[in-house]
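Trainee: I'd like to ask you about the structure that follows.
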Amino acid sequence: MRKKIVAGNWKMNTLPAEGVELAKGVAAGRGEVCSCVNFIVCPPFTHLSQVVETLKGSDIAVGAQNCATEAKGAYTGEIAASMIAALGCKYVILGHSERRQYYGETSATLNKKMEQAYANNLTPIYCVGENLEEREAGRHFDVVKAQIEEVVFNLTAEQFADLVIAYEPVWAIGTGKTATADQAQEIHAYIREVLRSKFGAAADECPILYGGSCKPSNAAEIFAKADVDGGLIGGAALKAEDFLSIGKGF
């Protein structure tokens, strides 16, 4: 049975005290959601340690939003995977569309980051997805396939068994366009098919999350689809009540 996951990507939001309050709110309402749902919160680097401390004793995991390509050294402003792991984080988001778009992250960059994540026992949440131009040109399958083949196919079977994939329809984020539950299922099923071509039956165990404006009002419809195993949540993760309500979508 694949894990059911609701992961919150807080992006560049919340100050440390606000992040602690948000984490407390999620922990307080956790009992109202099925224990079968795995919750993950991914705050900014500045308050990872405080959120980890706040959630101690709960079953809510903490992840970082990024990590460096190198283990250590003269890389001003970078945060190593080992530093993240030392704080008590279990996950790290890699390849988010914003990192690819704004910071020029390529498959070569992400291969290095994946290597660092696994070397430090962090589970990567690896993001894939196409933009509006690629979707309208009918290239979405090709784009997603390349993002998987160029990075995920370099993993060992053991590493692949500890991977979460998040599909982001970049074209449906902030554009006024909406991806339907059927569109989500179509691309999720395709992703699993691509994974199966390399990893065989193990692909059926890999959680694939939906990352396109998932909210309390549409979570149940999206999560009901066979190949959707949860969500990578943006804006709705910044309100504990909304975040928990999405978890009730299973």
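Trainee: Could you check segment 124-173 and list, in sequence order, the residues that are touching a strand residue (DSSP E or B) at 6+ places or on another chain (Cβ under 7 Å) and of a type in the set (Ser, Thr, Tyr)?
Mentor: Matches in segment 124-173: 126, 167.
Trainee: So which residues in segment 29-45 are touching a residue at least 60 places away in the same chain (Cβ under 8 Å), surrounded by fewer than 14 Cβ atoms within 10 Å (Cβ to Cβ) and not hydrophobic (A, V, I, L, M, F, W, C), if there are any at all?
Mentor: Within segment 29-45, just 32 meets the criteria.
Trainee: Tell me, which helices (runs of 4 or more DSSP H) wholly within segment 58-138 include 1 or more residues that are buried (at least 22 other Cβ atoms within 10 Å of the Cβ) and among the hydrophobic types (A, V, I, L, M, F, W, C)?
Mentor: 81-86, 107-119
Trainee: Here's a check for you: in segment 1-39, which residue that is touching a helix residue (DSSP H, G or I) at 6+ places or on another chain (Cβ under 8 Å) and polar (S, T, N, Q) is farthest from residue 124 (Cα to Cα)?
Mentor: 14
Trainee: Residue under question is residue 55, and the condition is that it be within 25 Å of residue 219 (Cβ to Cβ), at pLDDT 95 or above and not acidic (Asp, Glu); does it hold?
Mentor: In short, yes.
Trainee: Go through segment 46-57 and give me each residue that's surrounded by fewer than 18 Cβ atoms within 10 Å (Cβ to Cβ) and in a loop (DSSP other than H, G, I, E, B). Lay out the reasoning, then the answer.
Mentor: Of all residues in segment 46-57, those surrounded by fewer than 18 Cβ atoms within 10 Å (Cβ to Cβ) come to 46, 49-50, 53, 56-57.
Scanning segment 46-57 gives 56, 57.
Trainee: Checking the structure you have, find out if any residue of segment 194-202 is touching a His at 6+ places or on another chain (Cβ under 7 Å), buried (at least 20 other Cβ atoms within 10 Å of the Cβ) and either farther than 26 Å from residue 112 by Cβ or modelled with pLDDT of 95 or more (or both).
Mentor: Within segment 194-202, not a single residue is touching a His at 6+ places or on another chain (Cβ under 7 Å), buried (at least 20 other Cβ atoms within 10 Å of the Cβ) and either farther than 26 Å from residue 112 by Cβ or modelled with pLDDT of 95 or more (or both).
Trainee: Now a separate question. Looking only at segment 139-159, which residues are among the aromatic types (Phe, Trp, Tyr) and either crowded, with 17+ Cβ neighbours inside 10 Å or farther than 23 Å from residue 179 by Cβ (or both)?
Mentor: Within segment 139-159, just 153 meets the criteria.
The values are calculated or read from the model by the stated rules, or taken from the named source; none is laboratory data. No experiment lies behind these values; they were computed from the predicted model shown. A quick note on method: Cβ atoms are made from the backbone with ideal geometry, for glycine too, and the neighbour counts reach across all protein chains shown.
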